[in-house]
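What follows is calculated from the coordinates using simple rules that are stated; it is not laboratory data. Just so it is clear, the model here is predicted, and its values are computed rather than measured. Heads up, the Cβs are rebuilt from the backbone with ideal geometry, glycines too, and the neighbour counts pull from every protein chain shown.
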Amino acid sequence: MTVEPIVYHQRIKLPYRYTAGDAVTAFIDGLAEGTILGAPCGRCEATVVPARPFCPTCSGSLTEFVPVGTGGEITTFTVDGDGRVMAMIRLDGADTAFPFVVDADPSDVSIGTRVEARFAADPPRTVEAIEAFVIA
Amino acid sequence: MTRSSAIVAVGQTDYAAKRLDVSIPEMVRESVDRAFASKDLDFSKIDAVVVGNMELFEGINMPEQWMVAALGGAGKPIYKLNTGGTVGASVAVMCDYLVKSGIHDVVMGIGYQKQSEGETQSAITTVGDPTWERSVMAGAIGNFAVMASTYVRMSGVTPEQAAKAAVKARRNACLNPHAHLQIPDLTVEKVVNSRVLAQPVRLLDMCPQSDGACTAIFAAEGLAEKMTPLPAWVAATATAHDQQFMGDSPARLAEMRSLQTATQVVYDKVGITNPRKELDVAELYEPATYAELAMTENVGLCEMGGGGRLIDSGATQMDGDIPVNPSGGVLATNPVGATAMIRVAEAALQVMDEAGEHQIPNAKTALATGYGGNAWTEALILKQERG
Amino acid sequence: MTMADQNEALRLEYLANFEYDYAAGAYATRFMTELKETTRLYGTECSECGRVYVPPRPLCGICSARTKDEWVEVGPKGTLTGFTVVEIPFIDPMTGEKRPVPYGFAFVRLDGCDTNMYHFIDETDHDKMWVGMAVEAVFKPDGEREGKMSDIMYFRTLEEK
């Protein structure tokens with residue numbers, strides 16, 4: 001007698017709440033004011049965006065935060081299965097790029113395309129205070 | 001042939017219920033910076049990093065990758081371990097292996113957890129097998145309480161004897177500036193009258209939930225002596241695991257098979273036949289009062305069933321003949337991912353003669369143990385003499 | 001950051017909600033199918049030392065020897081080897097919800113078996129239970145069993161002090 005092998009469908013469902021820390025808090029609160037903050041690293045002579053506590057290259061502590069441009073250029077991108085553009089964006093004044101959604105037709109986007117942040121009208125206290133980037 | 005390795009520097013955060021002033025990477029970095037500051041070290045001296053955590057504690061997958069900037073890790077070998085509650089000790093054993101084997105000369109080991117950011121008990125529940133165990137779990141506390149009831153039945157220990165471990169821990173913690181629960185006026189009466197969590201375990205029988213990180217830096221002979229005056233030589237390590245399912249061990253807390261095995265291995269390696277006499281101090285991983293009593297039996301500080309009599313005798317107090325957990329232990333401080341590393345670090349501080357106000361005089365031989373979800377155990381012997 | 005600042009500290013929320021399909025394997029399938037169809041419980045016996053294991057498995061962890069092909073019936077009665085009454089809730093990761101308290105919880109040694117099984121007990125007065133107390137599995141009725149651990153709803157106590 002063959003028996004149907006049993007397969008159990010289960011889930012793991014758990015809530016988390018992350019302390020943002022000074023640098024990320026400053027960054028997110030800056031968004032509500034329409035400002036995008038980066039953190040300059042003196043040793044590397046580079047500005048890291050988004051602002052974060054440690055330099056990704058030298059691991060130095062980053063304690064100062066400065067506004068960078070709210071616009072910049074796409075350094076690379078992809079289009080997902082639903083036609084949404086996900087791009088790496090290097091803002092004016094930044095030495096690093098970060099990923100974000102670009103609300104644009106994929107055929108209008110290429111490497112080097114200039115984009116501008118579109119801030120949410122009623123910004124939540126998360127990175128979604130930027131709704132998306134749009135073609136500048 | 002292998003060479004000797006030693007812990008040369010230790011850094012600990014200020015443990016607390018909620019460290020809302022720092023993100024996880026910042027918290028880890030605090031312990032790293034303190035380890036560096038203690039011995040004038042920096043990232044350039046570190047060859048590799050070993051990080052210990054359990055992904056579901058904070059819900060960050062590959063956290064070592066995520067916090068690479070905090071670790072000074074870009075371009076360096078970084079190893080990640082997950083062995084549940086004992087991960088800090090697993091990290092220590094791995095650091096020791098990496099240095100002894102000659103693969104790296106200086107290795108930084110870190111254990112951390114921010115309990116305030118997740119649901120630790122629930123996360124621990126996922127160690128349960130999905131088919132057999134996961135739907136019949138009662139959280140770490142409920143599961144533990146069942147085991148404790150068997151231990152109580154077999155040993156005859158009383159709630160008052162167990163409570164003495166809680167009082168000792170929170171009083172010792174007053175001499176440890178990093179400890180979380182520092183309660184100088186705690187009494188046996190307060191403990192036995194505290195709120196019931198799951199019989200026989202009451203609130204004050206149980207370790208706290210803490211946020212914190214602990215870093216220990218391991219170095220090879222030839223280097224270690226230049227980095228600190230009294231390196232804590234890792235004389236022996238052992239790791240042992242019990243059978244697969246939680247019910248496989250007949251009396252899981254009363255007879256901790258993996259702890260007996262691991263400590264016997266390290267005792268044999270260093271030639272200890274009478275641990276009570278030959279150890280100067282022990283940092284045991286006791287998640288609750290009943291566990292401390294049972295562990296003193298299973299590591300051979302007294303006869304099986306004698307944990308209650310041992311604590312009654314005062315022998316495990318700081319001025320006793322075998323102080324247990326002068327740091328305050330897990331009962332005073334418990335950021336689970338860090339907790340076992342804290343045992344190793346505190347044992348190291350003792351033989352390095354750097355434990356400050358909770359220093360046991362003339363501590364030259366220390367035992368540190370870890371204890372993980374499914375009875376995964378590590379044991380380490382640290383000595384002042386290289387041997 | 002001051003304590004006042006700490007209360008304003010930004011915390012970012014995330015709900016992890018992952019689904020899995022676990023293949024239970026041949027041993028679990030055999031045990032659970034029997035449980036579902038007949039409410040009979042079986043364990044595997046080590047060919048060397050004779051230990052009987054639930055959950056059933058191919059190897060004895062103590063001897064490293066194979067277990068016998070013929071399975072041994074165990075339970076449905078058993079004894080408590082450890083017990084508690086849980087009064088503190090925790091979030092059950094399988095549902096994301098808290099299980100209501102209090103509830104009895106124990107290690108049950110099924111008759112004929114050498115291992116313990118965690119399960120719920122229908123007693124919430126700690127003083128009414130003891131190590132060694134006789135208990136019996138209570139199964140879901142015919143037609144409601146699904147071939148999983150919850151087909152045993154709980155164990156009921158059979159003795160009084």
message: Give me the one-decimal nm value for the distance between modelled label points at B:M304 and B:M62, 7 Å along each residue's Cα-to-Cβ direction.
response: 4.7 nm
message: I need C:V54, B:V22, B:V196 ordered by Cβ neighbour count within 10 Å, fewest first.
response: B:V196, B:V22, C:V54
- request: Take every DSSP beta bridge whose two residues both sit in chain B, then give the antiparallel share in percent to the nearest 5.
  value: 75 percent
- prompt: Hey, what did the stretch C:1-80 get for relative contact order, percent, Cα under 8 Å, at least 6 apart?
  reply: 24 percent
query: Based on the inverse mean of 1/r over its pairs of different Cα atoms, what is the Kirkwood hydrodynamic radius of chain B, in Å?
result: 20.3 Å
- request: Count charges around B:I381 for me, please; just the other residues with Cβ under 13 Å from its Cβ, Lys/Arg as +1, Asp/Glu as -1.
  value: -2
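Averaged across B:23-30, how many Cβ atoms of other chains sit within 10 Å of each residue's Cβ atom?
Working: counts 13, 3, 6, 10, 2, 0, 4, 0.
So the per-residue partner count for this stretch is 5.
Kindly rank B:41-54, B:107-120 from highest to lowest mean number of other beta carbons found within 10 Å of each residue.
B:107-120, B:41-54
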- prompt: Pairs B:K76/B:K114; B:K164/B:K383; C:K128/C:K161; B:K164/B:K190: which are spaced more than 18 Å apart, C-alpha to C-alpha?
  reply: B:K76/B:K114; B:K164/B:K383
- line: Exposure proxy check on B:F36, B:F57: fewest-to-most Cβ neighbours within 10 Å is B:F36, B:F57
- request: Using only alpha carbon positions, build the gyration tensor of chain A, then give the equivalent ellipsoid semi-axes as the square roots of 5 times its eigenvalues, largest first, whole angstrom.
  value: 33, 22, 16
message: Please give the charge dipole size of the stretch B:300-387, origin at the Cα centre, charges +1 on K and R Cβ atoms and -1 on D and E Cβ atoms. Round to the nearest 20 debye.
response: 220 debye
statement: quick note, the protein assembly as shown, DSSP beta bridge pairs, % antiparallel (nearest 5) is 85 percent
- line: Partner shielding of C:123-129, taken as the mean number of other chain Cβ atoms within 10 Å, equals 1
message: What's the ranking of B:324-331, B:70-77 by average number of surrounding C-beta atoms within 10 Å, highest first?
response: B:324-331, B:70-77
- request: Treating the angle as unsigned and between 0 and 90°, give the value, to the nearest 10°, between the Cα long axis of helix A:21-32 and the longest Cα principal axis of chain A.
  value: 80 degrees
task: Mind checking B:148-154 for the average number of partner chain beta-carbons within 10 Å of each residue's beta-carbon?
output: 5
- request: Go through the stretch B:261-335 and name the GluC sites (Glu not before Pro) that are in a DSSP coil and have 13 or fewer other Cβ atoms within 10 Å of their Cβ.
  value: B:E303
- request: Please tell me the relative contact order of chain A in percent, rounded to the nearest whole number, where contacts are Cα pairs under 8 Å and at least six residues apart.
  value: 20 percent
Where a label projected 7 Å from the Cα of A:H9 along Cα→Cβ would reach, residues of the stretch C:140-159 with amide N under 16 Å: C:146-148
field: Average Cα contact separation per residue, the stretch B:1-134, under 8 Å, 6 or more apart, as relative contact order %
entry: 31 percent
Equivalent ellipsoid semi-axes, the protein assembly as shown, via Cα gyration tensor eigenvalues times 5, rooted, Å: 44, 35, 23
- request: Under 1.5 on a/c is rounded, so check that first for the stretch B:334-387, then, if it is not, pick prolate when a/b is larger than b/c and oblate when it is not; a ≥ b ≥ c are the square roots of the alpha carbon gyration tensor eigenvalues.
  value: oblate
For the stretch A:1-69 versus the stretch C:96-126, the gap between their alpha-carbon centres in whole angstrom: 42 Å
- line: Fewest-first ordering of A:S59, C:S64 by Cβ atoms within 10 Å yields C:S64, A:S59
